[in-house]
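Peer 1: Before I ask anything, let me first share the structure, which is written out below as structure tokens.
What follows draws every value from the coordinates through simple rules; no lab data is involved. Bear in mind the structure is a predicted one, so any value in this text is a computation, not a measurement. Reconstructed Cβ throughout: ideal geometry from the backbone, glycine too, with neighbour counts over all protein chains shown.
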Amino acid sequence: MKTDLVCKSQVKDVWLWDEHPQRSEWGPDCGMDLLFNDQSGELGQCKLCFAPEGSFKKSDMDSFISAASAARFQGRILVSSTDRIGPNAD
């Protein structure tokens, strides 16, 4: 996120979930991989998912949206490393 040509202009800070300064206040990890502050300082979540041979289903999308819906998070980024995205997830 810090080196990608698109993301780096939009993202100010990036942390692994366990490394975010406020992480201990939020409870257990619910599957988020990265947290980020955008250039305006708003906090967002990023989920990196799936091996290239894996698949991404609607239930995976639903789980991501549910976990990322806490009021403290203003943004969401989903990065899929597979081309196997189910029609309902797409």
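Peer 1: For the stretch 40-59, which residues satisfy the criterion of being closer than 19 Å to Met1 by Cβ and loosely packed, with under 14 Cβ neighbours inside 10 Å?
Peer 2: Ser40, Gly41, Glu42, Leu48
Peer 1: Name the single residue, out of those in the stretch 60-90 being among the aliphatic types (A, V, I, L, M) and in a loop (DSSP other than H, G, I, E, B), that is surrounded by the most Cβ atoms within 10 Å (Cβ to Cβ).
Peer 2: Applying the filter and picking the extreme gives Ala68.
Peer 1: Of all residues in the stretch 10-50, which are assigned to a loop (DSSP other than H, G, I, E, B), more than 15 Å from Gly75 (Cβ to Cβ) and over 16 Å from the mean Cα position of the chain (by Cα)?
Peer 2: So the first thing to find is which residues in the stretch 10-50 are assigned to a loop (DSSP other than H, G, I, E, B), and the list is 10, 20-22, 26-33, 39-42, 50.
Adding the requirement that they be more than 15 Å from Gly75 (Cβ to Cβ) leaves 21-22, 26-31, 50.
Matches in the stretch 10-50: Pro21, Gln22, Gly27.
Peer 1: On the given criteria, is Leu35 aliphatic (A, V, I, L, M) and more than 21 Å from Asp62 (Cα to Cα)?
Peer 2: For Leu35, the condition - aliphatic (A, V, I, L, M) and more than 21 Å from Asp62 (Cα to Cα) - is not met.
Peer 1: Now, a different point. Name the residues in the stretch 18-37 that are crowded, with 17+ Cβ neighbours inside 10 Å and either under 16 Å from Ile85 (Cα atoms) or in contact with a Lys or Arg (Cβ under 9 Å, 6 or more places away or on another chain) (or both), would you? Can you show your working first?
Peer 2: So in the stretch 18-37, the residues crowded, with 17+ Cβ neighbours inside 10 Å come out as 20, 32, 34-37.
Met32, Leu34, Leu35, Phe36, Asn37, listed by residue number.
Peer 1: Looking only at residues in the stretch 52-86 that are of a type in the set (Phe, Trp, Tyr) and under 29 Å from Gly41 (Cβ atoms), which one is farthest from the chain's Cα centre (by Cα)? Lay out the reasoning, then the answer.
Peer 2: Going through the stretch 52-86, the residues of a type in the set (Phe, Trp, Tyr) turn out to be 56, 64, 73.
So of that shortlist, the ones also under 29 Å from Gly41 (Cβ atoms) come out as 64, 73.
Details: Phe64: 8, Phe73: 10 Å.
My answer is Phe73.
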